[in-house]
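Take a look at the structure set out below.
The values are calculated or read from the model by the stated rules, or taken from the named source; none is laboratory data. Worth saying up front: this structure is predicted, and the values here are computed from it rather than measured. Please note: Cβ atoms are built from the backbone with ideal geometry, for glycine as well, and neighbour counts cover all protein chains shown. In case anyone asks, the SASA skips ligands and DNA or RNA and just uses the protein heavy atoms, side chains included. Shrake-Rupley method; radii C 1.70, N 1.55, O 1.52, S 1.80 Å.
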Amino acid sequence: MNKREFDIVLWGATGATGRRAAHHLARRCGGRGLRLAIGGRNRERLEAIREDLPNADGPIALLVGDSHDAAFIGEMATRARVVASTVGPFALYGSELVAACVKSGTHYCDLTAEPQWMRAMIDAHEDEARETGARIVHSCGHDSIPSDLGVQFLQDAALARHGKPCKRIATRVTQMKGGFSGGTAASFLNAMRLRETDPNFSRVSNDPYALCPEDQRTGPDGPDRMMPIEVTWDADLRAWTKPYFMGPMNSKVVRRSNAIMGYPYGRDFRYQETALTRGGIGGWWTAMRSTLFGRLFLIAMAVPATRGLLQRHVLPKSGEGPSKEVRESGSYELVLVGEQPDGTILKARIIGQGDPGVRSTTLMLTEAALCLAEDTDRIPVGGGFWTPASAMGHLLRDRITTHAGMSFELF
Ligand SMILES: NC(=O)c1ccc[n+]([C@@H]2O[C@H](COP(=O)([O-])OP(=O)(O)OC[C@H]3O[C@@H](n4cnc5c(N)ncnc54)[C@H](OP(=O)(O)O)[C@@H]3O)[C@@H](O)[C@H]2O)c1
């Protein structure tokens, strides 16, 4: 494996997130002796991107081909130690690459937030990944690293201080400033289409334990509902909460982490992720207004005519994303509240600098790829389908706090 031609291949370097990830990776690979390649389907655009990259160590190779060209994808996987992919929607463009990485024992990370596709990939390839040694880690962006590593951080603190994990954790998104990219819009549109056409989609979406191993898909949490009209009072933080549209996805990843790590958070662990407004009637109204707006947006996306209008005139297209100013001035904060079996409350705060959808996401993907490439012998798990917390845990947390503008603290 060490003899492979490239340490890291970034697949999808011409997209909105891919261009930023290429930049971060080239900068971080400089001086570390890592051989980097960037890939995509358009040679001219890849060449233009390479021109603008900061100095990595040595020349950056270009790999040009199509995601559905199994022979090309298979060969690319055999040439790399790690592939990081931004080519999404992954349910449309990602399956051949995962299969190829599994087959050739190549470590892999991506930005998917598509649980039904993750479930399909796990079912199809997990046994083989265990045999070949490929570590496959989905969801290495804003979905779902802050939630997954945040819960692990709070549970580590609970165990160290009190000898017991928190029996429930609520993650509240308290602040979020930034934009989203064309690929995120495309993934959302694809999810809306699948919701109408694929009965399996809703089954996986609604099942809170859908990403857990087959015989472990039960637990105390109720169904994940994508956008219920539900405004609730958080008695610990004394403020109103509203649904957070990525909450169901991130929660599934957190629950999978717990299950595949052997239940360090306990079998009766409960998890919920929503967004926080403030107290009083003003906080309630803000939560209610944005919940209703979210619901209306979902209805508009479900109706083909309005969906077409939104797609043409409102949502960003492939390759588009927030401006440099928005990316750099963006930020987010999550507050995690954990309750110990004796009722003691523990709180953690995660702050991310840069807009969550592109800048922070691509910094996290970069560190995940570097972690898979550089911490090979320190990663505690072998081949298989892992989550960020179960595969990289504190190794990745250290990296993103040092290099990705993130902080984790108890308060
Ligand atoms: N987890 C998170 O927090 C998070 C955050 C942001 C984005 N995402 C996800 O990341 C993915 C990428 O988002 P994005 O905004 O960067 O998307 P994008 O701008 O549309 O870029 C997609 C990339 O895929 C390439 N591509 C598409 N079809 C291909 C094919 N058949 N063969 C080879 N390459 C192909 C595109 O190449 P061309 O340039 O040649 O078209 C482009 O490089 C999406 O799935 C999105 O949902 C996740």
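Table for the structure above
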{"item": "All-pairs alpha carbon distance profile, segment 145-355, 5 Å steps from 0, percent", "result": "1, 7, 13, 16, 19, 18, 14, 8, 4, 1, 0, 0"}
{"item": "Sequence-separation-based contact order of segment 1-75, relative, with Cα cut under 8 Å and 6+ spacing, percent", "result": "31"}
{"item": "Helix axis angle, 95-104 relative to the chain longest principal axis, alpha carbon, degrees", "result": "60"}
{"item": "Computed over segment 117-217: relative contact order in percent, which uses C-alpha pairs under 8 Å that are six or more apart", "result": "22"}
{"item": "Trypsin sites (Lys or Arg not before Pro) within segment 263-295, DSSP loop, no more than 11 other Cβ atoms inside 10 Å", "result": "267"}
{"item": "Residue 324-residue 302 FRET efficiency (beta carbon distance; Förster radius 41 Å; 0.05 resolution)", "result": "0.75"}
{"item": "Of the trypsin sites (Lys or Arg not before Pro) in segment 316-349, those whose Cβ has at most 14 other Cβ within 10 Å and which sit in DSSP loop", "result": "317"}
{"item": "Within straight-line cross-link reach of residue 317, aspartates and glutamates at Cα separation under 12 Å, skipping those fewer than 8 residues along the same chain", "result": "none"}
{"item": "Dimensions (Å) - segment 252-361, Cα atoms, principal axes, largest first", "result": "52, 34, 29"}
{"item": "Ranked order, 269, 180, 188 - accessible area, probe 1.4 Å, largest first", "result": "180, 188, 269"}
{"item": "Approximate spin-label separation residue 92-residue 230, in nm, with each point projected 7 Å along Cα-to-Cβ", "result": "3.1"}
{"item": "Computed helical MRE - 222 nm, the chain, DSSP H runs ≥ 4 contributing -39500 (n - 2.57), nearest 500", "result": "-14000 deg cm²/dmol"}
{"item": "Three-way shape call for segment 115-203 based on the alpha-carbon gyration tensor, with the a/c threshold at 1.5", "result": "oblate"}
{"item": "Fraction of beta bridges assigned by DSSP in the chain that are antiparallel (%, nearest 5)", "result": "50"}
{"item": "Debye-sum result for segment 332-373 in log10 I(q)/I(0), which assumes one identical scatterer on each alpha carbon, at q = 0.24, 0.32 Å⁻¹", "result": "-0.79, -1.00"}
{"item": "Among the listed pairs 103/164; 103/252; 177/252; 164/252, those beyond 31 Å (Cα-Cα)", "result": "103/164"}
{"item": "Per-residue ³J(HN,Hα) for segment 286-302, Karplus 6.51 cos²θ - 1.76 cosθ + 1.60, θ = phi - 60°, Hz, x for Gly and Pro", "result": "4, 5, 5, 4, 6, 5, 5, 4, x, 5, 5, 4, 5, 5, 4, 6, 7"}
{"item": "Computed lengthening from residue 55 to residue 128, 0.36 nm per intervening residue step minus Cα-Cα distance", "result": "22.6 nm"}
{"item": "Cα-Cα separations in segment 304-382 greater than 19 Å, expressed as whole percent", "result": "65"}
{"item": "Simple spin-label estimate for residue 278 and residue 206 in nanometres, 7 Å along Cα-Cβ", "result": "3.8"}
{"item": "Nearest-10 value in Å² for the accessible area of residue 313, using the 1.4 Å probe", "result": "140"}
{"item": "Carbon and sulfur %, accessible surface of segment 302-411 computed with the full protein complex present, 1.4 Å", "result": "51"}
{"item": "Surface accessible to a 1.4 Å probe, per residue, for the residues of segment 347-389, Å²", "result": "26"}
{"item": "Any cysteine of the chain lacking a neighbouring Cys Cβ under 4.7 Å - listed by number", "result": "29, 101, 166, 212, 371"}
{"item": "Calculated on alpha-carbon atoms, Rg and Dmax of the chain in Å", "result": "20.4, 63"}
